[in-house]
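Only the coordinates and a few stated rules stand behind these numbers; no lab work does. Note that this is a predicted model, so its numbers are computed, not measured.
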Amino acid sequence: MDEKLNISRYLGQNIEKLRGKMNLSQQQLAKQAQIPRSTLTNIESGSGNPSLTNLVKISAALSVSVEELLSRPRTDCVLISSDKVPLQSRSHGQVQIFKLLPDRIRGLEIDRLEFSVGAVMGGHPHLSGTKEYLTVLQGEIVVYVAGENYTVKRGDVLAFPGNQPHSYRNSGRTTSIAVSIVIPIPSSI
């Protein structure tokens with residue numbers, strides 16, 4: 001009996017969450033699913049006992065499987081343990097790049113960069129219309145961009161056009177650690 005109550009509760013929570021993500025009212029979803037709004041209201045409250053036909057209609061309107069509607073709701077939070085953070089090694093192992101953004105979003109990158117003493121790394125120009133923000137957490141890094149060089153020390157932030165050729169050099173006497181954030185900038189700004 002408890003399992004049936006859980007499934008009804010999961011179903012209601014999942015429909016409400018998915019409907020919210022799609023910015024649909026109950027009325028709009030009911031219309032898309034071709035079911036009465038009162039039926040949808042009862043299902044979302046966890047008190048309804050929907051037919052298989054109605055479950056299929058709702059899942060189709062939300063573009064998910066019936067199984068997903070009936071499963072324990074998933075959290076929007078994701079914890080990635082340090083050993084699972086994607087790592088790239090560049091400059092003959094002198095620079096470690098930890099890819100901190102688990103989702104692929106065009107034009108957006110968030111990386112933690114660790115430079116060994118004296119390490120130099122050429123940056124890859126990013127998409128046109130992006131801006132890079134580099135902040136140093138430890139040590140100092142010289143950034144060469146647009147014919148200029150900028151010494152970025154602990155706590156400083158350097159903002160520059162992401163589509164420009166650029167490079168980095170650890171000019172300090174210890175390992176330097178920085179965070180690079182590349183974001184698309186709307187043309188209206």
- Cα gyration tensor category, rounded, prolate or oblate, for the stretch 82-184 with a/c compared to 1.5: oblate
- So how tilted is helix 2-21 from the main axis of the chain? Cα-based, degrees 0 to 90, rounded to 10. 60
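Which pairs break 22 Å Cα to Cα here: K17/K99; K84/K131; K99/K131; K21/K131; K17/K84?
In this structure, K17/K99; K84/K131; K21/K131; K17/K84 lie more than 22 Å apart at Cα.
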- Separation between Cα centres of the stretch 48-96 and the stretch 111-182, rounded to whole Å: 33
